[in-house]
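The structure appears right after this line, and notes come after that.
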Amino acid sequence: MALRRFRFRRKKEMPDGLWMKCQGCNQLVFKKIVEEHLSVCPECNFHFTIPAQKRIELLLDAGTFQERYADMTSIDPLGFKDRITYAERLSAEQEKTGLKEAALVGTGKIEGRQIMFGVTDFNFLAGSLGSVMGEKITRIVEEAQEEGLSLVIVSGSGGGARMQEGALSLTQMAKTSAAIARFHDAGGLYISILTNPCMAGVMASFASLGDVVIAEPKALIGFTGPRVIRQTIQAELPEGFQRSEFLLEHGLIDMIVNRKTLKKEVARLLNYLAPAS
Amino acid sequence: MINDGLPFEKPILDLARKIEELENNPSAKEKDLETLGQLRKMYDDLRREIYAKLTPWERVLVARHPQRPQTSDYLALMVDDFVELHGDRAFRDDVAIITGLGKIDGKRFLIVGHQKGKTTRERLSRSFGCPYPEGYRKALVKMKLAEKCGLPILTLIDTPGAHPGIGAEERGQAQAIAANLYELARLKTPIICIIIGEGGSGGALGIAVGDKLSILENAYYSVISPEGCAAILWKNAENAPQAAAALHLTAKDLLELEIVDEVLQEPLGGAHRDPEKTAQTVKEAILRYLGELQPLSTQELLERRYKKYRHLGRFLEGAREVTL
Ligand SMILES: [Zn+2]
């Protein structure tokens, strides 16, 4: 009770929008400080979701990202309507994020080395996998193979396969996985980076299929969402359930890397596993 | 028929009851027999009429009918000399998926199928046909055996979805499904997949990647359960009928979207009204597919399988609508 009053007072003293609540520690943290720390909570090291563009800036050498298939957008193949139409939802998401779709793909450099790169943006319809994301990922996997490049994909998706495209979304899981299988068979190297949250159809396909799988700290990662599991088993979930540390402990990922050192670590892995000839 | 009816079957059941009454009436007159004939004709017409225009949600109910034939029924009705193989060689035997060797019309197959269970006890032991990661891993271990020994693979899909729970997450549910999608794309043997009941999302897809994917008339295949979709998008699970329609999850929808290769007709009133006839239809389809796939070289087979999935997806590129 005392704490709540304290927080309230503190918040009231400050102009709106300067503070944000951390999902990791539930504390109010100063927004500016978080931003200065690459959107990482200074109190608990929770890694906030960041836009795709920001991820490109953090991971790739400045100005090296060459986007491919930038003019690819979703259509509404089913004429899907819930309370609003899919088309309306798409426009709203485009307006909100400034993106055309939930994935950006292309080439770029990490410490001078050319790679094939993809990133999904959680802010666009929860980073869900539809025909566009499936096609973009599949194309860059195929092109990484053709162009002899290593592949790095940063995944973050709360929704998994996108409901509004029905089973077409579901089949994108099979499509991307089949492309990765070919890429691996041809000797290609794929580093998958999991960010908060990474769930369901995305996690049950391309995000899981890296030769090396890295997660940012405390990211929610899994198949079924925690809310559904809680409802199903009618019990509270264990502390830290489905977080990166839980996955590491259960042998499901290779390593957890802080955002601050992520680029360096990826470069180190590339140097080990696919040294430039 | 009278006691296991679905809500929309009520008019049919009422009529069936009337016919039964007349049939059992010892003091029936000539006139009554005439009426009986008319009623029987009405009964057939009514069934045909009602089943011809089932809503997507009603089809979901048929797909979930407790008496609907399951993998075990197909094993009994169309497979000879079945040898069940258990376990994932790592953790546990997940019986939500049955795996084993069997002959269909003398042809050897590895068979993998979801099994929901029939009695309460069986349903519980099979976790209602919702596999754990070890179920997907068991399927994969056996499918690799089939690849090595040159057996074609038949998968029968019938699950509400992969099991949602703590243990399933601890053991990598997402990773297990992903591994199957990856491996099924490259297994060097023909794979025939048939959705016999519920095709629930990733839990179905985990054994539904192959050279042929067909679906029974009243089965469904969906990215999410209608209830789950309704809970998220309508904020109310009771909107499941609307969600079922919006998701385009029926056999006919999936054929139009080119996601399935063929819709296999069910007997009037659904597969559970005549399991023998349904199994016969499924068996004929399997043999037909095998005849088509077996002459292909491994390279042709894998190339065709890759293209089958590569071509799925609809979007705009610039102003151009792309259907792959
Ligand atoms: Zn925090």
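The values are calculated or read from the model by the stated rules, or taken from the named source; none is laboratory data. Remember, it's a predicted structure, so these values are computed and weren't measured experimentally. A quick note on method: Cβ atoms are made from the backbone with ideal geometry, for glycine too, and the neighbour counts reach across all protein chains shown. SASA here: full protein model, heavy atoms, side chains in, ligands and nucleic acids out. Shrake-Rupley method; radii C 1.70, N 1.55, O 1.52, S 1.80 Å.
Miscellaneous remarks
- Charge context of B:P26, other residues only, Cβ under 15 angstrom, K/R +1, D/E -1: -4
- Of all DSSP bridge pairs formed entirely within chain B, close to 45 percent run antiparallel.
- Note on A:K218: lysines with a C-alpha under 25 Å away, same-chain residues under 8 apart excluded, are A:K21, A:K31, A:K32, A:K54, A:K260, A:K263, A:K264.
- Measuring between their Cα centroids, segment B:109-161 and segment A:20-60 lie 43 Å from each other.
- Accessible area (Å², 1.4 Å probe, nearest 10) - A:S91: 60 Å²
- Long-range amide H partners of B:V223 with built H, under 5 Å: A:A167
- Candidate aspartates and glutamates for bridging to A:K81, where Cα separation is under 18 Å - those fewer than 8 sequence places away on the same chain excluded: A:E93, A:E165, B:E227, B:E238, B:D253
- Among beta bridges from DSSP that stay inside chain A, the antiparallel ones total about 45%.
- For A:H250, the solvent-accessible surface computed with a 1.4 Å probe is close to 70 Å², ligands and nucleic acids excluded.
- When the charge dipole of segment A:49-273 is built from unit charges on Cβ atoms (+1 for Lys and Arg, -1 for Asp and Glu) and taken about the Cα centre, the candidate among A:Q231, A:I180, A:G148 whose Cα reaches farthest toward its positive end is A:Q231.
- Accessible area of segment B:7-53 belonging to carbon and sulfur atoms, whole % at 1.4 Å probe: 54 percent
- Amide proton proximity set for A:L129, modelled H, under 5 Å, gap of 5+: A:G160, A:A161, A:R162
- Taken across both chains, chains B and A shield about 4800 Å² of accessible surface from a 1.4 Å probe.
- Here the Karplus curve 6.51 cos²θ - 1.76 cosθ + 1.60, taken at θ = phi - 60°, turns the phi angles of segment B:288-302 into couplings of 5, 5, 4, x, 6, 8, 5, x, 6, 6, 4, 5, 4, 4, 5 Hz, with x standing for Gly and Pro.
- Size of charge dipole - chain B - debye, nearest 20, with Cβ of Lys, Arg +1 and Asp, Glu -1, no other charges: 780 debye
- Most fluctuating residue given options B:L249, B:L110, B:L77, as computed from a GNM of chain B linking Cα atoms under 10 Å: B:L77
- Listed values for segment B:236-249 are Karplus-derived 3J(HN,Hα) couplings in whole Hz (6.51 cos²θ - 1.76 cosθ + 1.60, θ = phi - 60°), namely 7, 5, 5, 7, 3, x, 5, 4, 4, 5, 5, 6, 6, 9, and x replaces Gly and Pro.
- Per residue, in Å², the accessible surface of chain B once ligands and nucleic acids are set aside, probe 1.4 Å: 42 Å²
- Just the protein heavy atoms count here, and of the accessible area of chain A at 1.4 Å, carbon and sulfur take up 50 percent.
- Positive contributions from Lys and Arg (+1) and negative ones from Asp and Glu (-1), summed over other residues with Cβ under 9 Å from the Cβ of B:L233, come out at +1.
- Amide H contacts under 5 Å for A:A215: A:L194, A:M255, A:I256, A:V257, restricted to partners 5 or more places along the chain or on a different chain, H placed in the peptide plane at 1.01 Å from N.
- Every Cα-Cα pair in segment B:101-192 was counted, and those over 14 Å apart are 67% of them.
- Relative to the Cα centre, the charge distribution of the protein assembly as shown, modelled as +1 at Lys and Arg Cβ and -1 at Asp and Glu Cβ, gives a dipole magnitude of about 1600 debye.
- The angle separating the long axis of helix A:259-273 from the principal Cα axis of greatest extent in chain A is about 20 degrees.
- Beta-bridge orientation, the protein assembly as shown: approximately 45 percent antiparallel, per DSSP, counting only bridges with both partners inside.
- Here segment A:208-240 and segment A:148-178 have alpha carbon centers that stand 18 Å from each other.
- Pairwise centroid distance, computed over Cα atoms, of segment B:18-55 with segment B:241-279, Å: 27 Å
- Dipole-positive endmost among B:L61, A:P42, B:L233 within the protein assembly as shown (Cβ charges, Cα centre): A:P42
- Karplus-derived HN-Hα couplings along segment A:217-231 (A = 6.51, B = -1.76, C = 1.60, θ = phi - 60°), whole Hz, x at Gly and Pro: x, 6, 6, 7, 9, x, 9, 8, x, x, 5, 5, 5, 4, 5
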